[in-house]
């Protein structure tokens, strides 16, 4: 039975762990919350309490990686608000543990924020120009992992993440003077995130970079206004006076290389 370690069993990592178990994998899962350990154990996930910082790694990461074939790094950078961090250093600190372990494959969950803002269609061939601190650190982390010859790294760049319990319209509802009304949306549902990860593992698609965004790109104003109406929320109001800036993320490579078909098309 192939063992997979998921560093970061949160909003995406936990349902991913469940899906991997259902597909016959053994799963090690990490959390920073003590109360979640019993939940993991009840679900059949081998639980580990692991916390990363820029200076050290707390927890038994050697045992967490032991006998694993694949490591899924699903640890988002915390760069908003006052609690900012050096995300690159956090990941750099665990690389020696990866090198000493049995695994030889890493899947790094990144973001399309590494491309910055533009008016163009964006593919994996587009040269990234991140314009946020999060995007800059994610890109540096991608390069750090992919340049390491001790293991194969596939980078998965997700667009905005949505799910049954998570949707950006809830934060936009009733707000006024919102920018970029004509910019296209670049979102992906949790179910497709998990489906794509399973396909990467199934197809053994390593040393690759994939954009992962649902091929559904209505304008922000059209999409969020309709979504607010569907959910009986206060309508967001957009500022149409200024020109909109927004890229369209293309996921053609996922469909071509992985032969993956998106299941949540209308979001």
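FYI, it's all coordinate maths here, none of it is from the lab. The structure displayed is predicted, hence computed values, not measured ones. All Cβ positions, even for glycine, are placed from backbone atoms using ideal geometry, and neighbour counts span all protein chains on display.
For the ranges 85-96, 232-243, what's the packing order if you count other beta-carbon atoms within 10 Å of each residue, average per peptide, and put the highest first?
Top to bottom by mean Cβ count within 10 Å: 85-96, 232-243.
Using a 10 Å cut-off on Cβ atoms, rank the peptides 152-161, 5-14 from the highest mean neighbour count down. Please report the intermediate quantities before stating the final value.
Numbers: 152-161: 21.4, 5-14: 23.0.
Output ranking for 152-161, 5-14: 5-14, 152-161.
Quick one: Kirkwood hydrodynamic radius for the range 1-85, alpha-carbon pairs, angstrom, one decimal?
13.2 Å
No solvent, one uniform scatterer per C-alpha: report log10 I(q)/I(0) for the range 105-216 via the Debye equation at q = 0.13 1/Å, two decimals.
-0.56
Translational diffusion coefficient, Stokes-Einstein: compute it for the range 38-189 using the Kirkwood radius over C-alpha pairs as Rh, at 25 °C and 0.890 mPa s, and state it as an integer in µm² s⁻¹.
Translational D for this selection: 139 µm²/s.
Cα gyration tensor of the range 64-139, axes a ≥ b ≥ c as square roots of the eigenvalues: rounded (a/c below 1.5), prolate (a/b > b/c) or oblate? Working shown, then result.
Values: a/c = 3.12, a/b = 1.60, b/c = 1.96.
Oblate, because a/c is 1.5 or more while a/b does not exceed b/c.
Just to be sure I understand: of the beta bridges DSSP finds with both ends in the range 74-168, what percent are antiparallel, rounded to 5?
Antiparallel bridges make up about 10 percent of those DSSP assigns within the range 74-168.
Mind putting together the pair-distance distribution for the range 162-244? All Cα pairs, 10 Å bins, whole percent per bin, short to long.
With 10 Å bins starting at 0, P(r) equals 16, 39, 25, 14, 4.
If you look at just the Cα atoms of the chain, how large are its Rg and its Dmax in Å?
18.9, 58
Let me know the Kirkwood hydrodynamic radius for the range 118-175, please, with Cα pairs as the basis and the value in Å to one decimal.
14.4 Å
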